């Protein structure tokens with residue numbers, strides 16, 4: 001339980017949640033670029049076999065995308081844990097407290113969908 005009675009505590013927790021959101025998005029974008037780098041190399045080296053194999057860039061990219069999705073999901077859990085410790089007077093009246101969590105949930109779901117697409121897509 002927080003004893004600060006200051007709404008800045010809530011805003012700091014929300015900023016932290018959104019910082020985790022940016023970090024998870026960056027990891028997923030980096031993973032996407034790494035995963036597609038294998039396709040780029042395949043196009044540049046036409047003397048290789050025609051079928052695409054799942055090489056190192058595929059697996060490293062998948063790990064980054066999955067890590068970003070998991071990070072977004074864990075950030076929601078962490079934010080909710082902090083929210084349970086705050087008193088009602090530390091949260092501004094009428095302020096929507098769940099928007100950051102919803103944004104992170106969307107990022108986590110899209111990251112999971114991207115991971116599944118990489119495994120089963122064309």
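Please verify whether the range 56-67 includes one or more residues that are under 30 Å from residue 10 (Cβ atoms), under 12 Å from the mean Cα position of the chain (by Cα) and in a helix (DSSP H, G or I).
Among the residues of the range 56-67, at least one is under 30 Å from residue 10 (Cβ atoms), under 12 Å from the mean Cα position of the chain (by Cα) and in a helix (DSSP H, G or I), which makes the answer yes.
Looking only at the range 53-63, how many residues end up being modelled with pLDDT of 90 or more and surrounded by fewer than 12 Cβ atoms within 10 Å (Cβ to Cβ)?
Within the range 53-63, residues that are modelled with pLDDT of 90 or more and surrounded by fewer than 12 Cβ atoms within 10 Å (Cβ to Cβ) number 0.
Table: residues versus (1) surrounded by 13 or more Cβ atoms within 10 Å (Cβ to Cβ); (2) modelled with pLDDT of 95 or more; (3) on the phi < 0 side of the Ramachandran plot.
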{"site": "19", "(1), (2), (3)": "no, yes, yes"}
{"site": "22", "(1), (2), (3)": "no, yes, yes"}
{"site": "25", "(1), (2), (3)": "yes, yes, yes"}
{"site": "31", "(1), (2), (3)": "yes, no, yes"}
{"site": "39", "(1), (2), (3)": "no, no, yes"}
{"site": "43", "(1), (2), (3)": "no, no, yes"}
{"site": "46", "(1), (2), (3)": "no, no, yes"}
{"site": "51", "(1), (2), (3)": "no, no, yes"}
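Give 66, 72 a once-over and let me know the one that is at pLDDT 90 or above and closer than 16 Å to residue 101 by Cβ.
Sole residue among the options that is at pLDDT 90 or above and closer than 16 Å to residue 101 by Cβ: 72.
Filter the range 75-108 down to the residues that are assigned to a helix (DSSP H, G or I) and free of Cβ contacts under 8 Å to residues at least 24 places away in the same chain, then identify the one that is surrounded by the most Cβ atoms within 10 Å (Cβ to Cβ).
My answer is 80.
The values are calculated or read from the model by the stated rules, or taken from the named source; none is laboratory data. Being a predicted model, the structure only gives us computed values, none of them experimental. Please note: Cβ atoms are built from the backbone with ideal geometry, for glycine as well, and neighbour counts cover all protein chains shown.
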